[in-house]
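Data first, discussion second: the structure below is written as C-alpha cells.
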Amino acid sequence: MRRARSIPGRAAALLATLAILSACEPLGPATSPVPQPRPAGLGPAGDAVTPQSAASRDLARYYEKVQNDLLTRGLLRTDGGGPDAPFDADDLARNFETIAFFDEYAKGGFGTSGRGASGQLSRWSGPVRVNAEFGPSVPRDQRESDRARIDAYAARLGRLTGHPITATERGGNFHVLVAGEDDKAYVKSRLRRLIPSISAEELALFDNLPRSFYCLVVAVSGGGSSYNYTRAVALIRAEHPELVRRSCIHEEIAQGLGLPNDSPAARPSIFNDDDEFALLTSHDEMLLRMLYDDRLKQGMSADEARPVTRIIARELMGQPL
C-alpha cells in the first residue's frame, strides 16, 4: 500500500499531518490564534443526511478493495501484538525517542521537506475534550457507531495516560471530523472556524485530496508555550470501511496527543509504515504512558529526556533499572 507523507505547513500557522492509514507526522508547533467571532453557517453539521454522490460511492468501493487486500496479506492486525512481536525496555525507549522527538519531515515552507529533524517534547497540559463531528453525507447509523468508538477510545486514552482525556458532545478542543468526499465545503468551513490562521493555500488542498491521503490531524499550541497543545482537529474520511476508519481514529488522536513520527523499528505498533497493526497495541499504550509521565517536561530535547525515558521504559516492562 502506498503511503502518503507529510506536507509541511507554516510553522507559525499550524501543526499538520497528512497521512495514509497509520502514517502521519505532525509538523512543528504553532502559536494558538486569537479566537475570532463566529461567522454564521460555520457550525457543526445538523442531523439531516444528504444523499451520497456517485464519486463518494466510487471512493468507498476503492477503499473497501484496499482494506480487503491488506487483510488478505495478513495486515491490519487487531490483536495488539503477541509472542511473534517481542520488544524490551531498550526497544521501547528507542522507539519513544524516535516517535516523540523526531519529525521525518523537517519544518519549512509549504510543500518543502527535510529529513530527521529533532524537536522538543510537545503534549497537552490542560484537559483534552474529544468532540466527534460528522459531515452532512455521513449516514446516521455510521455516526452513532463512530461516535461510540471515538468516545470509548477517548476514555481508554484517559485511563492509559492518567491525563484528563474525555469525550464531549460540545465545547471540545480536540475535534474529530468524520466527513466524506461530498462534505468538502463543510470541512473547509469548520477548519476556518477552528483554526482561523489556516491559509487559503492549505485549505485548497482539501479540494483535491488524493486518494492516498487517508487522514489529517492539525494541532495548535498556545498557553504561552510552543510545546503546549491547546487545540486539535482530526479528519477521517467517511468512505473508509469500518476497520480502516477505526485505524485512522486510533492513530490520528494518539498522534495529536504528542507522538508525531513513525518508525520502521517500532513493533508491534501503529506508528509504523507497514500497516501490520490497525489498532493501538500494548507497545503503543506504553508510549502514551511515557509521553504523559510527570518526569518528562514539555520542551525537553531528546538528549535531556533520554536518561529519564530509559528508567520509565524499564519500569513499564518490569525490567531491572
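Laboratory data are not the source of any read-out in this text; all were calculated from the coordinates shown. Predicted model, so just to flag it, every value in this text is computed and none were measured. As a convention, Cβ positions derive from the backbone with ideal geometry for all residues, glycine included, and neighbour counts pool all protein chains shown.
Only alpha carbons enter this Debye calculation for region 222-277, each as an equal point scatterer, and the log10 of I(q)/I(0) it gives at q = 0.17, 0.22, 0.24 Å⁻¹ is -0.65, -0.92, -1.00.
Sorting 67-77, 220-230, 252-262 by average packing, meaning the other beta carbons within 10 Å per residue, from highest down gives 252-262, 220-230, 67-77. When a/c is below 1.5 the answer is rounded, else prolate if a/b is larger than b/c, else oblate, so apply that to region 183-321 with a ≥ b ≥ c taken from the square roots of the Cα gyration tensor eigenvalues. Oblate, since a/c reaches 1.5 and b/c is not below a/b. Projecting label points 7 angstrom from Cα along Cα→Cβ for residue 79 and residue 144 puts them 3.3 nm apart. Taking amide H atoms as placed 1.01 Å from N in the peptide plane, the amide H of residue 177 lies under 5 Å from those of 133, 234, 235, 236, each 5 or more residues away in sequence or on another chain. In this structure, residue 64 and residue 88 have a Cβ-Cβ separation that, at R0 = 41 Å, corresponds to a calculated FRET efficiency of about 0.60.
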